[in-house]
Amino acid sequence: MLADIVLVVHFAFAAFVVGSLPLIWTGAWMKWGFVHNRSFRLAHLGAIFVVAAESLAGVVCPLTLLEDALRQTERNAGSFIRRWLHRILFHDVPEGMLTMLYVIFAGLVMATFLLFPPCVRPSRPPPPAS
């Protein structure tokens, strides 16, 4: 059960990283204000940079390591959630290709950050003088 929870968190993280980029582009085109939210955009940029940096350094994702460790102690390692989310998250491709894709994607996210920058909230105007 714990391994499945870690896998769902891992899937949600990947969905955030991958899904936010088209959401930002669509939102910029449709003039949706939330896609310029500074916290959202910094979280997105930071998330893909962590993924790319881990891959460049040859570090295995901590969520993958935790899930694997938990699966070794659980009896039901072949749950429905595991089968479906593993098909979506994990692919049998060379590690170098994944690293290249992560770095290219990080570059796209950075370019998007520069093309459609987040808004800095304007400070409140000073109170009227009495």
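Quick notes on this structure:
- Failed item in (1) farther than 27 Å from ALA3 by Cα; (2) in contact (Cβ under 8 Å) with a residue 12 or more places away in the chain; (3) not basic (Lys, Arg), with MET30 passing the rest: (2)
- Picking from residues in the range 1-26 that are free of Cβ contacts under 8 Å to residues at least 12 places away in the same chain and more than 13 Å from the chain's Cα centre (by Cα), the one that is nearest to PHE105 (Cα to Cα) is THR26.
- Test for ALA111: is it surrounded by 12 or more Cβ atoms within 10 Å (Cβ to Cβ), in a helix (DSSP H, G or I), over 15 Å from the mean Cα position of the chain (by Cα) and of a type in the set (Gly, Ala, Ser): no
Here, each number is a calculation from the coordinates, and none is a lab measurement. On a predicted model such as this, the values are computed, not experimentally measured, just so you know. So basically every Cβ, Gly included, is an ideal-geometry build from the backbone, and we count neighbours across all protein chains shown.
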